[in-house]
Amino acid sequence: MPDLKTLPVVLRDRQPGDLPEMARWLTDPQAAWRHWDSPYMPAEQTTQTMQAYLRFLEATPPEADERVIDVNGIVVGMVNRDEEEPGGGGWWDLGILIFNPAYWGGGVGGRALKLWVQDTLDWTDAHTLTFTTWSGNERMIRAALRLGFRECARVREARLVGGQRFDSVRFDLLRREWHP
């Protein structure tokens, strides 16, 4: 595989041909991404949630608040966003998942998150962007800090992963702080 740092990262609408690859990664109970994305959730519950989510994707057209992450023509993950209530308040919560571990550690997630922040600021009324992770996901934390996000909340020892306690950590970024 070429150097990940040189491969193009694109956020695009989901296409019907993407669903088999997404289903393979999202519903695999042994998928490596599960060790990093909410590993404190029971595996069976995550599998059921992902199966329901895939049924939803199969039944609905792509939407603006969700994109696949495409690296050189290969779907490697996805991003999403939700407006926090009440609508119109300008607070958007972001999510990112690189489900294919072959694309970890080479900046793909950071570049995808940067594109998603810019897209969110371009197409919504966003004033505040947030996302939440856990203190064991050091790659996600580093990517957020590199993009200018700041830690805004920490719930100490709120997450139990592999018998060890970790913090829940929320990050935020204000529109005026964004410097792409």
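The values are calculated or read from the model by the stated rules, or taken from the named source; none is laboratory data. Small disclaimer: the values here were computed from a predicted structure and weren't measured. Heads up, the Cβs are rebuilt from the backbone with ideal geometry, glycines too, and the neighbour counts pull from every protein chain shown. With ligands, DNA and RNA removed, areas are computed over all heavy atoms of the protein, side chains included. Shrake-Rupley method; radii C 1.70, N 1.55, O 1.52, S 1.80 Å.
Would you confirm, using the coordinates I've provided, whether residue 139 is open to solvent by 60 Å² or more (accessible area, probe 1.4 Å) and closer than 24 Å to residue 167 by Cα? Against the criterion (open to solvent by 60 Å² or more (accessible area, probe 1.4 Å) and closer than 24 Å to residue 167 by Cα), residue 139 qualifies. Note on the range 134-155: residues that are part of a helix (DSSP H, G or I) and of a type outside the set (Asp, Glu) total 8.
Let me confirm something: among 73, 88, 95, which residue is in contact (Cβ under 8 Å) with a residue 12 or more places away in the chain, surrounded by fewer than 19 Cβ atoms within 10 Å (Cβ to Cβ) and over 20 Å from residue 151 (Cα atoms)? Steps first, please.
Working: 73 fails: in contact (Cβ under 8 Å) with a residue 12 or more places away in the chain; 95 fails: over 20 Å from residue 151 (Cα atoms).
That would be 88, the only listed residue that is in contact (Cβ under 8 Å) with a residue 12 or more places away in the chain, surrounded by fewer than 19 Cβ atoms within 10 Å (Cβ to Cβ) and over 20 Å from residue 151 (Cα atoms).
The residues of the range 156-173 that are loosely packed, with under 14 Cβ neighbours inside 10 Å and either in a strand (DSSP E or B) or free of Cβ contacts under 8 Å to residues at least 24 places away in the same chain (or both), listed by number, are 156, 157, 160, 163, 164, 165. Look at residue 122 and say whether it is more than 22 Å from residue 25 (Cα to Cα) and free of Cβ contacts under 8 Å to residues at least 12 places away in the same chain. Yes, satisfied.
Among 4, 11, 54, which is the only one that is farther than 24 Å from residue 120 by Cα and open to solvent by less than 50 Å² (accessible area, probe 1.4 Å)? None of the other options fit; the residue is 4.
Residues of the range 102-124 being open to solvent by 40 Å² or more (accessible area, probe 1.4 Å) and at pLDDT 95 or above, which ones?
111, 114, 115, 118, 122, 123, listed by residue number.
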